[in-house]
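Colleague: Structure provided below as structure tokens; questions to follow.
Bear in mind that the values in this text are calculations on the coordinates, not laboratory data. Everything numeric here is computed off the predicted structure, so don't read it as measured data. As a convention, Cβ positions derive from the backbone with ideal geometry for all residues, glycine included, and neighbour counts pool all protein chains shown.
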Amino acid sequence: MPRAESGPTALKMNQTEPAPGKWRRWVRTISPTCEDSARLLSAAQDRPLTGLERLGLRVHLRLCRWCRRYAQQLALLRQVLRSPDGESNLPAGELAAADRSRIKQALREAGR
Amino acid sequence: MADEGPRAPGAADAPRATPGAASNPETWVDAHGDYLFRYALARVRDPVRATDLVQETFLAALKGGGFAGRSTERTWLTGILKHKIADHFRRAGRETPFTDLEFFREGEAALFEREGWSKGVWQADQAPGDWSAKAGEELDRAAFWQAFWECVGGLPPRIAEVFVRREIDEVECDELCRTLGVSPNNLWVMLHRARLALRRCLENNWVGK
């Protein structure tokens with residue numbers, strides 16, 4: 001196998017160009033596609049991957065910069081979304097004035 | 001009317017102080033109402049339902065005899081609200097509609113090449129971009145969260161709820177499957193597509209700005 005190609009040039013194999021060379025064909029047979037890898041990366045957030053899944057994913061991530069980015073992005077999302085960010089991690093919004101008075105009214109009645 | 005679920009935390013074990021002795025419950029509404037509403041709205045993507053949950057929370061807090069003073073008043077009320085939200089999802093016990101299971105199916109397919117030797121490879125204009133400029137050391141969290149909630153707002157409400165409960169509230173998958181009435185596989189597909197859709201939205205609305 002052409003080891004020399006595993007550098008930056010190999011990353012280009014994912015960019016669209018027509019004639020598949022021997023190298024690309026070989027890669028396709030041992031590595032899952034980006035579509036499959038994206039599924040595996042997402043599944044890895046929710047369950048342990050099987051040995052075979054991990055192996056395929058590892059091979060693919062070595063070769064594909066785009067999927068490496070996706071992996072980093074998922075990791076970032078998980079890290080930020082699960083960090084206690086206080087009130088900044090809430091969507092914008094406020095109680096409508098009518099609801100506010102209705103709730104106060106309900107509290108007054110319940111407190112009697 | 002509202003309070004048929006299990007007792008709220010802090011409600012059962014709070015000392016039986018005279019309601020309103022420490023603070024007038026009506027002041028809770030101004031002090032914490034908006035915060036609790038946003039907290040509920042993040043999880044239950046329906047303003048009417050979120051408002052109801054806030055009201056139920058205040059009423060349960062009142063019934064429980066007032067604030068016991070072990071934490072802040074807001075933490076105490078948020079704890080009650082969390083239980084109200086969990087009850088809401090447990091009680092709802094709804095079937096997940098077909099449209100939610102189909103969400104972003106075509107969107108997902110369109111992200112990848114469909115033909116020839118590149119089948120399954122990211123489309124060049126859909127492939128994940130470089131986030132390092134925005135996501136580095138000095139990540140602007142306020143800007144991130146703002147973009148995040150805008151992007152979540154673009155998801156179908158039920159998908160958004162599932163995603164937030166899984167990613168922010170760290171609810172386990174089997175509990176989500178139970179309350180949603182879907183198989184683990186269906187859940188993973190929903191989460192996967194939500195992640196793909198959010199990734200793209202964040203890249204456009206956060207990284208790209």
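Colleague: Given a Förster distance of 25 angstrom, what is the FRET efficiency for B:Thr99 paired with B:Asp174, based on the Cβ-Cβ distance and rounded to 0.05?
Modeller: Working: r = 24 Å, r/R0 = 0.95.
In this case the efficiency is close to 0.60.
Colleague: Taking Cα pairs under 8 Å and at least six residues apart, what relative contact order does the range B:98-207 come out at, in percent?
Modeller: Result for the range B:98-207 is 38 percent.
Colleague: If amide hydrogens are placed 1.01 Å from N in the peptide plane, which non-local residues have theirs closer than 5 Å to the one on B:Phe112?
Modeller: Sorted by chain and number, the residues that satisfy this are B:Gln123.
Colleague: May I ask you to derive the relative contact order of the range B:25-92, considering only C-alpha pairs under 8 Å and at least 6 residues apart, and to give it as an integer percent? Intermediate results must be reported in sequence, preceding the final value.
Modeller: Values: 39 pairs, mean separation 23.4, N = 68.
Once divided by the residue count of the range B:25-92, the mean separation gives 34 percent.
Colleague: With a 10 Å radius around each residue's Cβ, average the other Cβ atoms per peptide and rank B:139-149, A:42-52, B:79-89, highest first. Could you put the intermediate results ahead of the total?
Modeller: On the way: B:139-149: 17.1, A:42-52: 13.4, B:79-89: 20.2.
Those peptides, ordered most packed to least, come out B:79-89, B:139-149, A:42-52.
Colleague: Apply 1/(1 + (r/R0)^6) to the Cβ-Cβ distance of B:Asn186 and A:Leu55, taking R0 = 25 Å, and write down the FRET efficiency to the nearest 0.05.
Modeller: On the way: r = 26 Å, r/R0 = 1.05.
Calculated value: 0.45.
Colleague: Set the Förster distance to 22 Å, then compute FRET efficiency between A:Ser83 and A:Ala44 from the Cβ-Cβ distance, nearest 0.05. Let's see the in-between values first.
Modeller: Details: r = 20 Å, r/R0 = 0.90.
E(calc), rounded to 0.05, equals 0.65.
Colleague: Still on this structure: Kindly provide the pair-distance distribution of chain B built from C-alpha pairs, with 10 Å bins from 0 and whole-percent values in order of increasing distance.
Modeller: 7, 27, 28, 21, 10, 4, 1, 0
Colleague: With no other cysteine's Cβ closer than 4.7 Å, which Cys residues of chain B count as lacking a disulfide-compatible partner?
Modeller: Here B:Cys173, B:Cys177 come out as lacking a disulfide-compatible partner, given the Cβ-Cβ threshold of under 4.7 Å.
Colleague: Using the per-residue mean of other Cβ atoms lying within 10 Å as a proxy for protection, in what order, highest first, do the peptides B:182-194, A:80-92 fall? Mind dumping the intermediate values first?
Modeller: Working: B:182-194: 18.5, A:80-92: 14.2.
In decreasing order of mean packing, B:182-194, A:80-92 become B:182-194, A:80-92.
Colleague: Another question, if that's okay. In nanometres, what is the gap between the two model label sites at B:Ser71 and B:Ala142, each 7 Å from Cα along Cα-to-Cβ?
Modeller: 2.6 nm
Colleague: Now, a different point. Given contacts defined as C-alpha pairs under 8 Å and at least six residues apart, what's the relative contact order of chain B, whole-number percent? Could the numbers behind the result be given before it?
Modeller: On the way: 194 pairs, mean separation 49.2, N = 209.
Rounded, it is 24 percent for chain B.
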